[in-house]
Structure formats: structure tokens, C-alpha cells
Amino acid sequence: MDLEEKLKSYPNLPKHLEEIKESCNKIWSNILLPWFTNHDVSHSKEIIHLLEQILSPIENTPQCLNEHEIFILLASAYLHDIGMQYLKVDDIPVDKLTSDEYELIRKRHAEESHDIILKRLKRPLDRDDFYLPVIEDDYLRVIAEVSKGHAADFFEEIIKYFQENPATPLNRPVRGELLTALLMIADELDLQNKRARFIETAKFNLSNYSAIHWYKHHYVDGVKITKGIVHLTLTFPSNADEYKELFIELIKTKLKTQIDKANPVFNIATSSLLHLDDIINIQTRVDNTKRRLPDEALKELKKILNKDTSIISPIAEKKDIIHRNIPRPTRIFTGRKDELCRFKEAFGRSNLISIEGLGGIGKTEFAAQCIELYLQQNNVIWFDCSPDSKLDSLIDSCGYSDLLKGESKTELSKYSGFADLSERDKLVIFLDNFQDVMDDSFKNYFRFSERRLRNAKFVLIAREHPSLGMVHVVPVSLEGLKNDSIEYAKKVINVYYPDVVIDDVKLENVCEAVGGHPLSIDLAIQLIHYGETPHEIVRKFIEFKDRSEELSHRLLDEIFNHPKSTKEERELLLNFSIFRAKVEKAAYDYISDDPNKINILHKLMDKQMINHYGDLYGSHPLVREFCYHRLEDKKGLHMKASAYLKTRRKEKLDPLLEEEIFYHLLNSDLLKEWVEMISEKGEEFILSGYTNSLKEMMDKAREKGIEQAILPR
């Protein structure tokens with residue numbers, strides 16, 4: 001099968017593809033990041049060669065790719081990595097970039113590629129932008145999404161996007177999810193040694209982590225797919241016994257993971273004709289011209305595969321702990337260089353740090369940026385606080401649930417065990433919305449552990465400085481964006497409201513009127529998108545610029561009551577505020593009867609009123625507070641919310657879920673259900689060690705006049 005040859009039968013498409021190839025050759029003519037393995041046009045051609053082998057089972061069948069699918073797939077193969085050449089990180093010159101910024105480019109390159117492609121839709125381009133060829137806008141949108149989806153961080157998001165928004169460029173059906181899965185797996189399979197040009201490494205020092213990727217490619221001499229089976233040929237030097245099997249395990253594990261992601265998409269999109277076997281056929285050879293793996297890189301390889309016996313940690317075995325919900329910084333993050341330096345300095349000298357500032361100032365986004373730049377994510381725990389949060393929940397979320405169990409377990413023994421284990425595993429624990437916490441267990445723990453902490457660190461994200469008595473917390477305070485606010489506003493317009501046209505002077509006046517407060521800038525630009533003039537916004541809101549949370553509420557009120565906010569949007573947004581925790585899309589079936597609710601949801605997401613976090617949905621705390629205050633039928637919606645959350649129960653008790661169910665039952669006055677829940681779940685709470693939560697539930701029931709909240713039957 002020759003995909004490019006098949007395209008020649010169709011007018012214009014081969015010409016557009018040649019223009020894309022020519023553009024990519026120019027983009028990659030001077031490789032700016034030589035310490036990454038090769039991602040240039042030769043990599044794209046190898047991907048296409050592999051795609052032809054993968055697709056051979058559906059050639060000449062009704063499931064074969066149509067011309068539009070072939071064009072989009074080939075274009076994506078050439079364009080998916082161009083973000084690796086995009087070095088505009090806060091406009092820092094190339095020669096001033098540090099390893100932190102280079103690592104940021106590596107992590108974000110798929111999203112950057114996506115944005116570069118979509119910029120072709122927006123005229124005019126900036127002077128430093130890549131100039132891609134002019135092709136149909138309908139194609140560009142699909143190519144951008146497919147390119148983004150090749151990366152593991154975005155694959156599931158893009159598959160879901162295409163499932164919910166079927167692609168139809170030029171009114172022709174295209175299987176966007178199939179194209180995404182094909183590009184993802186072919187990109188993963190390009191393991192060939194020609195991607196590791198060791199002559200380039202004379203210009204710089206490879207980190208041990210990067211060395212693993214270079215040597216992995218160096219040892220692969222052949223990749224072939226026949227009848228759905230992947231065949232690899234690996235060649236090692238004769239003295240490679242210590243690491244040969246480790247590389248085989250590394251390659252097999254990653255390929256199997258990606259194949260398991262791709263196969264369900266293949267099966268649905270091709271009526272099961274396309275499928276890759278997850279048994280990888282590997283042959284090994286010996287060739288002493290191959291380089292020997294350096295000792296330090298071998299240590300890193302063992303660490304990656306958890307073979308380093310000097311490190312004993314349960315973290316690698318945890319499947320569902322909360323650090324998987326770590327937020328990623330968005331593409332509109334701007335500035336904060338001084339604050340980032342202050343965080344890095346505070347992190348180096350203290351074990352208790354706070355990120356603090358007014359609601360909507362960008363604390364969570366800033367924390368996500370700090371994690372991206374400075375931390376190893378496998379040691380990070382992200383915990384969303386609520387008024388009912390207790391230290392027990394955090395201990396469980398860190399994977400230390402055994403600390404909670406035992407009839408004679410004291411608070412002191414829990415504190416001691418948690419301190420010891422978090423120290424051993426060098427955890428970095430972020431507590432978001434810490435100002436909401438009402439329980440004293442956190443304060444008591446910090447008093448206990450302050451002088452014991454050496455390796456573990458806690459970052460408290462709050463609207464004001466945490467009140468922990470004599471415990472010393474090093475603050476990193478965030479204020480308005482000041483001189484960076486106009487750049488931030490331009491990014492908001494570019495990403496979310498490309499049809500908004502406003503000159504720099506007027507935009508600067510708006511930013512000044514809202515005191516550089518990021519959420520207020522977002523909301524002000526939405527009002528401009530609605531048709532309000534910058535002058536009106538400045539006139540109405542200049543008096544609030546030093547009271548940013550009040551300003552945000554005023555702006556929200558303007559948006560909420562604006563004629564362009566429909567009644568259906570207002571109703572869904574109000575009802576959604578019943579949830580204080582992030583929820584899955586199924587929750588909307590319980591709070592809305594509108595048959596068009598999913599389309600309404602997407603409109604609210606476009607307006608940034610509701611945000612998407614992987615499979616979950618949530619809204620900014622200030623937006624939720626604003627809406628919940630205006631919600632009329634609170635009791636009825638709390639009842640519906642509890643009904644939804646009950647459907648999320650599994651065989652094993654999830655105490656955090658049960659606490660949310662109890663919160664909604666408490667606020668819906670379903671007295672009988674409270675008693676039944678305590679009676680039915682009480683024993684499981686005790687066995688799980690959540691006796692403090694159970695006691696609080698019983699106390700709240702008594703406050704409502706229920707003298708006997710029945711314990712386990």
C-alpha cells in the first residue's frame with residue numbers, strides 16, 4: 001500500500017500535501033532542540049511507512065480510508081511534531097532558554113502543534129509564526145485535533161472529542177478517532193536507530209533520562225508489522241546482559257499500553273477488521289559497533305522500571321490515587337516570572353509553602369505551572385479541599401489507608417505514620433482551596449509534623465494566609481498581572497474569542513480597569529464578545545479594581561443577565577453549581593431535563609463557565625459560589641445530586657464519595673436516608689478507619705433532631 005500514491009487520483013489534495021511537506025522541510029531545516037531524538041520530516045516518512053503496513057488489512061475493503069482521511073492522516077504525520085520547533089516561551093530569546101523551558105516544550109509540543117495549525121485560520125499571522133500553506137479550513141481543524149491526539153497526554157481527550165463531534169470536512173464523513181489512533185500508534189512504533197544521531201550529542205550533555213530515549217532508539221534496527229503483529233529487531237553490544245532485558249521490557253510495556261488504547265478505536269471504526277496483536281515479537285542480535293549504555297543511564301533505566309532495589313515506594317503500584325488529577329497549565333498562562341522564582345526559592349528552603357491570593361487571581365493555574373517546571377509528577381499528590389475535608393481523606397488519597405485501620409489507632413499514631421511514609425516517599429502534597437477546610441485535623445497535623453518534615457512538602461493554596469497558629473508557612477503571594485495583563489488578554493482572545501477585534505490601547509484600559517485580575521479579564525473579554533464596548537466596561541467597573549472578587553461577581557452578574565446568555569444556559573449553569581466536586585458528564589442527566597443539554601454544556605465550556613478536566617467537569621469556585629447563591633430549588637437539586645452520586649458506588653467503599661452523598665442528603669433534608677446510610681455504611685466506615693467522618697455524620701444527624709443515628713446492623 002502506498003498512501004501518497006492513492007491520493008494522486010484526487011485533484012488538489014496531492015498539491016496541498018506537497019506544499020505541507022515543503023513547509024515542514026523549511027521548519028525543520030535548522031533543528032533547534034538537538035538533544036531530543038529526531039522529529040523531522042524523515043520521522044514523518046517513517047510513520048507513513050508504518051501506517052501503510054498497519055492499514056494493509058483494510059485495503060480494498062469497505063472500511064478502507066477515503067481520500068479525505070488519507071489526506072488528513074498524511075498531513076498530520078508531517079505536522080504533528082512542529083511544536084518541537086516552537087520556542088516562544090514567554091518571549092524568552094532562544095539563547096536564554098533554560099532546561100526548564102526546554103522540558104516544557106517537550107511536554108507541550110502536541111498542543112503547540114495544534115495551535116500552530118489552527119493559527120492558519122486566523123489572519124494576520126505574527127512575524128515569528130510558522131507560515132503553513134493555505135488549505136481548506138475544514139481540513140485544518142481536523143488535522144490540528146489529530147496532531148494533538150498523537151500524544152499520550154491528549155489521546156483520550158481527542159478520541160472523546162471526535163466521538164462527540166464527528167468530523168465532516170467539506171461535508172464528507174471522516175473517522176477522526178481512527179486517524180488519531182493510527183497516528184498515535186505509528187508514532188510510538190517509530191523506534192528506529194536513525195532517530196538517535198549521536199554525533200549531535202557532542203554539542204551538549206545528555207541527561208540520564210534523555211539518554212534512555214536515545215539508547216532505546218539506538219538499539220532498534222528494524223520495525224515491521226505483518227498481519228497485525230509487530231516485529232522488532234534489537235541489536236546490542238556483547239556486554240549488554242545487564243540491560244538488554246530491561247530495554248525489551250521498557251519497549252514492550254509502552255507498546256502494549258498504546259496498542260491497548262488503539263485497538264478499541266480500531267475495532268469500532270473498522271468493524272473489527274483492523275487490530276494489532278499485543279504480543280510483540282522481538283528478535284535480538286549482537287553487534288559490537290553498538291554503543292554501551294553508560295552506568296548512570298542504567299541506574300535511570302532501573303528507576304523507570306522500578307528495578308532499583310534501593311528505592312522502596314508504594315507509589316508506582318497505586319492505580320487510582322489523587323495525583324492522577326494534577327491540573328496542567330493552560331496555554332494562556334502568562335508572566336509570573338518573579339512569583340515562579342519565589343516559589344522555587346521557597347520550595348528549596350521550606351516544607352510548608354502557601355500560594356495565596358484573591359479568588360480568580362490564578363492560584364491553581366500558577367501551582368500547575370510550578371509542578372510542570374520544577375517537580376517530578378510521580379511524587380505529587382493533588383487534593384481538592386472542601387469544608388468537610390479531613391486529614392483521614394488525605395492520608396487515604398496518598399495511598400496510606402492502612403494507617404487509618406485498627407481499633408486502637410490513635411490520632412498521634414496516624415500523624416506519626418503519615419509523616420514517616422510521606423517522608424520516605426518524598427511526597428509533594430498540594431491542598432487546593434485550603435481556605436474551605438473547617439476541620440482541625442490538618443492544623444493539628446502540621447503542628448505535630450512541622451519539625452519532623454525534611455523530604456515531604458506541603459503546598460497550601462488559599463485565598464488568604466493559612467491560619468495554623470505558630471506553624472511557619474512561607475507565602476508566595478499572587479496579585480494582578482500588571483504589565484503582563486495585556487499579553488494575557490491577547491492570549492484569551494486568540495484562544496477563546498478570535499472574532500474579537502480591539503486595539504491595544506482599549507485593551508490596556510480594560511485590563512487596568514479590572515486591576516490585571518485574570519478571571520475579571522476573562523469575563524470582561526466575554527462581555528466585549530457579547531457586544532459591550534471597552535469604554536462601557538471601564539466606566540462600569542473602574543471603581544471595583546481594588547476589590548477583585550467583588551468585581552468578578554459584578555462581571556458575572558453582567559454576563560449572567562446579558563441577552564446573549566440564554567435562559568437554557570443560565571438554568572444549566574445554576575443547576576450545575578449544586579456539585580462542589582468535579583463530576584462526569586452523566587451527572588447532567590440528573591440535573592437537567594433539557595434534551596439539548598450537551599450542546600448547552602459545550603456552549604458554556606466555550607464561554608469558560610464550565611471547564612473540562614479529562615473525563616470530569618467543574619467550574620471555577622467563584623462561578624460556583626455566584627450561581628449557588630442564586631439557586632432557588634437547592635433541596636430538590638441536592639436530592640438529584642445524591643441520586644447521581646449513588647450510581648458511582650462500587651463494591652469497595654469510597655469514603656470520599658460517601659461523604660459527598662451525605663453532604664447532598666444533609667442539604668435535601670432526607671432524614672430517613674441519612675439514618676439508612678449511616679446504618680448501612682457505618683461498619684464499612686469503621687473497617688476503613690474513617691471513624692472521624694462517621695462520628696461527624698452522626699453528630700450532624702443529631703443536630704437535625706435525630707437522636708439515634710443507628711450504627712451497623
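Side notes on the structure shown:
- Residue match in region 52-75 (condition: part of a helix (DSSP H, G or I), of a type in the set (Ser, Thr, Tyr) and under 20 Å from Tyr139 (Cα atoms)): no
- Qualifying residue in region 114-137 (condition: modelled with pLDDT of 75 or more, of a type in the set (D, E, K, R), surrounded by fewer than 19 Cβ atoms within 10 Å (Cβ to Cβ) and assigned to a loop (DSSP other than H, G, I, E, B)): yes
- Subset of region 331-360 [among the hydrophobic types (A, V, I, L, M, F, W, C) and at pLDDT below 90]: Ile332, Phe333, Leu358
- Only one of the numbered conditions (1) more than 29 Å from the chain's Cα centre (by Cα); (2) not in a helix (DSSP H, G or I) is violated by Asn38, and that is (1).
- Residue match in region 373-390 (condition: in a helix (DSSP H, G or I) and under 30 Å from Ser520 (Cα atoms)): yes
- Among the candidates Lys635, Lys603, Lys564, residue that is touching a Ser or Thr at 6+ places or on another chain (Cβ under 7 Å), over 23 Å from Asp384 (Cα atoms), open to solvent by 30 Å² or more (accessible area, probe 1.4 Å) and of a type in the set (Lys, Arg): Lys635
- If the condition is being of a type in the set (S, T, N, Q), open to solvent by less than 60 Å² (accessible area, probe 1.4 Å) and either under 23 Å from Tyr219 (Cα atoms) or not in a helix (DSSP H, G or I) (or both), then region 252-291 contributes Gln258, Thr270.
- Filtered residues of region 433-446 (kept if in contact with a Phe, Trp or Tyr (Cβ under 9 Å, 6 or more places away or on another chain) and surrounded by fewer than 18 Cβ atoms within 10 Å (Cβ to Cβ)): Asn444
- Phe430 passes every criterion in (1) over 20 Å from Ile355 (Cβ atoms); (2) among the hydrophobic types (A, V, I, L, M, F, W, C); (3) surrounded by 15 or more Cβ atoms within 10 Å (Cβ to Cβ) apart from (1).
- For region 213-251, the set of residues classified as assigned to a loop (DSSP other than H, G, I, E, B) and either crowded, with 21+ Cβ neighbours inside 10 Å or free of Cβ contacts under 8 Å to residues at least 60 places away in the same chain (or both) consists of Tyr219, Pro237, Ser238, Asn239, Ala240, Asp241, Glu242, Tyr243, listed by residue number.
- Of the residues Ile27, Ile47, Ile54, the single one that is touching a strand residue (DSSP E or B) at 6+ places or on another chain (Cβ under 6 Å) and surrounded by 17 or more Cβ atoms within 10 Å (Cβ to Cβ) is Ile54.
- Among the candidates Glu632, Glu660, Glu651, the residue that is modelled with pLDDT of 70 or more and in a helix (DSSP H, G or I) is uniquely Glu660.
- The residue pairs whose first member lies in region 594-618 and is free of Cβ contacts under 8 Å to residues at least 24 places away in the same chain and closer than 17 Å to Arg570 by Cβ, whose second member is surrounded by fewer than 20 Cβ atoms within 10 Å (Cβ to Cβ) and of a type in the set (D, E, K, R), and whose beta carbons are closer than 7 Å, counting only pairs six or more residues apart or on different chains, do not exist in this structure.
- Of all residues in region 321-355 being outside any loop (DSSP other than H, G, I, E, B), touching a helix residue (DSSP H, G or I) at 6+ places or on another chain (Cβ under 7 Å) and charged (D, E, K, R), the one that is surrounded by the most Cβ atoms within 10 Å (Cβ to Cβ): Glu339
- In region 1-12, the residues that are assigned to a loop (DSSP other than H, G, I, E, B) form Cβ pairs under 9 Å with partners that are of a type in the set (Val, Ile, Thr) and surrounded by 10 or more Cβ atoms within 10 Å (Cβ to Cβ), at six or more places apart or across chains, as follows: Tyr10/Ile70; Asn12/Ile135.
- Top-ranked residue in region 148-167 [being of a type in the set (A, V, I, L, M) and part of a loop (DSSP other than H, G, I, E, B); ranked as least open to solvent (accessible area, probe 1.4 Å)]: Ala151
- Scan of region 1-24 for residues that are open to solvent by 30 Å² or more (accessible area, probe 1.4 Å) and either in contact with a Ser or Thr (Cβ under 8 Å, 6 or more places away or on another chain) or within 16 Å of Ser113 (Cβ to Cβ) (or both), ordered by number: Met1, Lys21
- Number of the condition not met by Lys363 [criteria: (1) within 22 Å of the chain's Cα centre (by Cα); (2) without any contact (Cβ under 8 Å) to a residue 60 or more places away in the chain; (3) buried (at least 20 other Cβ atoms within 10 Å of the Cβ)]: (2)
- Subset of region 381-399 [surrounded by fewer than 21 Cβ atoms within 10 Å (Cβ to Cβ) and among the hydroxyl-bearing types (Ser, Thr, Tyr)]: Ser386
- Some residue of region 435-445 being among the β-branched types (Val, Ile, Thr), touching a Leu at 6+ places or on another chain (Cβ under 7 Å) and at pLDDT 85 or above: no
- Of all residues in region 660-679, those that are more than 13 Å from Ala641 (Cβ to Cβ) have Cβ atoms under 9 Å from Cβ atoms of residues that are basic (Lys, Arg), 6 or more apart or on another chain, in Asp669/Lys635; Asp669/Lys704; Leu671/Lys704; Trp674/Lys700; Trp674/Lys704; Ser679/Arg713.
The values are calculated or read from the model by the stated rules, or taken from the named source; none is laboratory data. Since we're looking at a predicted model, the values are computed, not measured. Here Cβ is always computed from backbone atoms with ideal geometry, including for glycine, and neighbour counts include all displayed protein chains. All accessible areas refer to the heavy atoms of the entire protein, side chains included, with ligands and DNA or RNA removed. Shrake-Rupley method; radii C 1.70, N 1.55, O 1.52, S 1.80 Å.
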